[in-house]
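Trainee: I'd like to ask some things about the structure below.
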Amino acid sequence: MNQKLINRRDLLKGGATVAIASMLPSWAWASSENGRLRTAHVGLGGMGKADLKAISSHEKVDVVALCDVDSKMLEPLKKEFPKAKLYSDYRVMMKEMADGIDAVVVSTPDHTHAPASMMAMDYDKPVYCQKPLTHHVSEARAMNKKAAEKNLVTQMGIQVHSFYDYKLATLLIQSGIIGKVKEVRAWSPKNWGTDDPKPQGSDPVPENLDWNLWLGTAADRPYKEGLYHPGNWRKVLDFGCGTLGDMGVHIFDTPYNALELDVPKTIKNKCRKPTGFGFPEENTVTYQFPGTKYTTDKFKWVWYDGVNAPKKSKKLKLPNNEELPDQGAMFIGEEGNLLLPHFMQLPKHIVKGKYQELDLTELKKSGKIGEVFRDYEVEGKRHYHQFVDACLGKDECSAPFSYASRLTETILLGVIAGRFPNKTLHWDSALARFEEDEANQYLDGSYRAF
């Protein structure tokens with residue numbers, strides 16, 4: 001196995017991928033001559049299968065290629081998609097089928113999001129990429145730049161962005177229902193962390209798994225049964241982004257979008273000392289953002305995750321001593337609060353400790369609010385079908401990489417802060433650097449040649 005390390009910045013600039021890409025003219029959307037969209041899917045595990053099902057449910061989609069490093073993921077799909085070509089290596093797939101693919105869906109573990117997506121965009125293909133958009137801040141900026149330069153349709157897989165409940169919360173906040181927002185508190189009890197040390201020894205690699213391809217650009221390491229693949233990679237620094245990078249993206253999305261936030265000025269993560277292997281099991285991350293027209297000047301954001309999240313607070317107290325939803329966000333405003341449970345629940349308006357009935361009269365008059373969709377199947381497909389329709393020139397994506405890259409950068413800055421427990425990090429967005437130089441090493445990394 002070739003252990004040569006490739007500088008990540010050089011690769012993301014296109015040096016490595018462009019060399020093998022056939023550079024076709026770029027376009028704002030892509031479709032076959034018959035008005036249909038030929039899609040290729042990279043990663044077919046749990047979320048990958050869901051992405052495949054939703055994308056392929058569009059009447060104008062033809063699935064022409066399926067790629068996964070684990071043959072067990074591919075086998076069950078042969079009967080359902082008999083015309084699709086099967087691959088284990090996305091690089092081979094894109095090279096061989098460059099002229100036969102119109103759009104690429106990337107549903108791999110986080111560390112492969114950018115390498116696969118960047119290659120697809122080098123081939124001038126629109127990309128639907130699962131959240132978080134990337135594993136590193138530098139990758140998020142590079143993907144945004146590439147998509148803009150090529151004028152490609154892009155969408156991050158943050159399906160709730162297109163759900164009614166979340167769009168309603170955005171409209172309510174922007175209508176001034178609770179005045180300017182002073183603070184957001186968001187939480188998830190999920191625990192994509194571990195205090196276990198790096199495992200020793202190795203186990204035989206299953207015949208169905210290409211371990212080298214699964215590692216991809218990540219540093220080489222022995223295979224260990226029950227770890228990394230297929231389900232625990234989110235806990236590990238080299239492959240995932242912890243609970244913050246998983247559920248945080250979903251739960252941050254609506255407040256971030258509604259308040260029109262940019263990236264934060266300061267970040268502080270209260271958590272255990274780093275182990276160098278896994279993410280902390282409990283995090284309390286405090287962000288300070290520049291104010292916007294929807295926030296006060298000293299707006300802050302607090303995120304909690306882990307089994308004890310969120311910590312008790314007067315600011316999170318609900319009327320009638322009700323329990324908080326397991327996951328969600330609270331907008332704390334000058335004139336009241338708005339609770340947004342996650343997910344499929346309407347936001348709740350709270351003033352002086354009492355629930356207020358949502359008055360949607362003005363929003364309905366303005367035409368900004370349409371029919372209430374409560375069917376999950378309809379809601380769940382909307383975000384995907386929006387991408388397909390955008391590729392066919394009939395719609396626009398609501399979570400393109402221009403938006404997704406900023407949201408992902410914000411999330412990843414909190415992940416990096418976990419390397420420096422209880423220390424405030426200062427972020428210079430213009431320079432894309434921390435004032436604390438020791439933190440800058442985690443913005444980027446090296447790609448292994450594989």
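Trainee: Residues of the chain: accessible area per residue at 1.4 Å, in Å²?
Mentor: Ligands and nucleic acids excluded, the result is 44 Å² per residue.
Trainee: Which of P199, H250, L392 sits closest to the plus end of the dipole of the chain, meaning its Cα is farthest towards the positive end, when Lys and Arg get +1 and Asp and Glu get -1 on the C-beta?
Mentor: So the residue we want is H250.
Trainee: Out of all Cα-Cα pairs in the range 59-153, roughly what percent, to the nearest whole number, are more than 20 Å apart?
Mentor: Result: 37 percent of Cα pairs exceed 20 Å.
Trainee: Probe radius 1.4 Å, ligands and nucleic acids ignored: give me the carbon and sulfur share of the accessible area of the range 193-351 as a rounded percent.
Mentor: Roughly 46 percent of what the probe reaches on the range 193-351 is carbon or sulfur.
Trainee: Working out 0.36 nm times the residue gap between S71 and S57, then minus their Cα-Cα distance, what length gain in nm do you get to one decimal?
Mentor: 2.7 nm
Trainee: With only Lys, Arg, Asp and Glu charged, each at its Cβ (+1 for the first two, -1 for the last two), find how big the charge dipole of the range 338-450 is about the Cα centre; round to the nearest 20 debye.
Mentor: Using only the charged Cβ atoms, the result is roughly 380 debye.
Trainee: Take the Cα atoms of the range 328-450, find their three principal axes, and give me the spread along each one in whole Å, biggest first.
Mentor: Between the extreme Cα coordinates on each principal axis of the range 328-450 lie 52, 48, 26 Å.
Trainee: What shape does the range 262-406 take by its C-alpha gyration tensor, where a ≥ b ≥ c are the square roots of the eigenvalues and a/c under 1.5 counts as rounded, a/b above b/c as prolate, and the rest as oblate?
Mentor: Oblate.
Trainee: Determine the alpha carbon to alpha carbon distance for each of K293/K364; K182/K311; K145/K182; K53/K83; K182/K348 and list only those over 26 Å.
Mentor: From K293/K364; K182/K311; K145/K182; K53/K83; K182/K348, over 26 Å: K145/K182.
Trainee: Of all alpha-carbon pairs in the range 187-328, indicate the percentage at a distance above 20 angstrom.
Mentor: The answer is 57 percent, as a whole percent.
Trainee: Okay, moving on. Mind telling me which of T39, T134, T296 comes out most flexible in a GNM of the chain, alpha-carbon contacts under 10 Å?
Mentor: T296
Trainee: Let me ask something else about it. Identify which of Y294, Y355, Y256 has the largest mean-square fluctuation in a Gaussian network model of the chain, with springs joining Cα atoms closer than 10 Å.
Mentor: Of the options given, Y355 has the highest mean-square fluctuation.
Trainee: A follow-up question, please. As I understand it, the dipole of the chain uses +1 on the Cβ of Lys and Arg and -1 on the Cβ of Asp and Glu, about the Cα centre. Which of Q327, Y90, T286 lies farthest toward its positive end?
Mentor: My answer, from the dipole projection, is T286.
Trainee: For the range 233-306 and the range 74-125, write down the distance between their C-alpha centroids in whole Å.
Mentor: About 31 Å separates the Cα centre of the range 233-306 from the one of the range 74-125.
Trainee: Then there is this: Under a point-charge model restricted to the Cβ atoms of Lys and Arg (+1) and Asp and Glu (-1), what is the dipole moment magnitude of the range 124-167 relative to its Cα centre, in debye to the nearest 20?
Mentor: It comes to approximately 80 debye.
Trainee: Between E80 and N151, what is the label-point separation in nm under the 7 Å Cα-to-beta-carbon projection?
Mentor: 3.6 nm
Trainee: List the pairs from K235/K354; K265/K314; K167/K190 whose alpha-carbon separation is above 28 Å, in the order I gave them.
Mentor: Table pairs above 28 Å Cα-Cα are K235/K354.
Trainee: Now a separate question. Evaluate the relative contact order of the range 375-450 (contact order divided by residue number), counting alpha-carbon pairs under 8 angstrom at least 6 apart; express in whole percent.
Mentor: 13 percent
Trainee: Out of the DSSP beta bridges found with both residues in the chain, what percent are antiparallel (nearest 5)?
Mentor: 60 percent
Trainee: I need the shape label for the range 123-226. Rule: rounded when a/c is under 1.5, else prolate if a/b > b/c, else oblate, with a, b, c from the alpha carbon gyration tensor.
Mentor: In terms of gyration-tensor shape, oblate.
Trainee: Per residue of the chain, what 222 nm ellipticity follows from adding -39500 (n - 2.57) for every DSSP H run with n ≥ 4, rounded to the nearest 500?
Mentor: Mean residue ellipticity at 222 nm (helix-derived): -8000 deg cm²/dmol.
Trainee: Report which label in [x] 21.8, 65; [y] 23.6, 80; [z] 21.0, 73 holds the value of Rg and Dmax of the Cα atoms in Å derived from the coordinates of this structure.
Mentor: Given [x] 21.8, 65; [y] 23.6, 80; [z] 21.0, 73, the structure-derived one carries the label [x].
Trainee: How large a share of the accessible area of the range 87-164, in percent, is made up of carbon and sulfur atoms when the probe is 1.4 Å and the other protein chains stay in place?
Mentor: For the range 87-164, the apolar C and S fraction of the accessible surface comes to 49 percent.
Trainee: Same structure again: Using Cα pairs closer than 8 Å and at least 6 residues apart in sequence, work out the relative contact order for the chain, in percent.
Mentor: 23 percent
Trainee: Among N320, N257, N208, which one shows the biggest mean-square fluctuation in a GNM of the chain, springs joining Cα atoms closer than 10 Å?
Mentor: N320
Trainee: In whole Å and largest first, what semi-axes does the C-alpha gyration tensor of the range 295-342 yield when each eigenvalue is scaled by 5 and square-rooted?
Mentor: 19, 14, 10
The values are calculated or read from the model by the stated rules, or taken from the named source; none is laboratory data. Being a predicted model, the structure only gives us computed values, none of them experimental. Cβ coordinates were reconstructed from backbone atoms using ideal geometry, including for glycine residues, and neighbour counts include every protein chain displayed. Side chains are part of the model used for accessible areas, which takes the heavy atoms of the whole protein and leaves out ligands, DNA and RNA. Shrake-Rupley method; radii C 1.70, N 1.55, O 1.52, S 1.80 Å.
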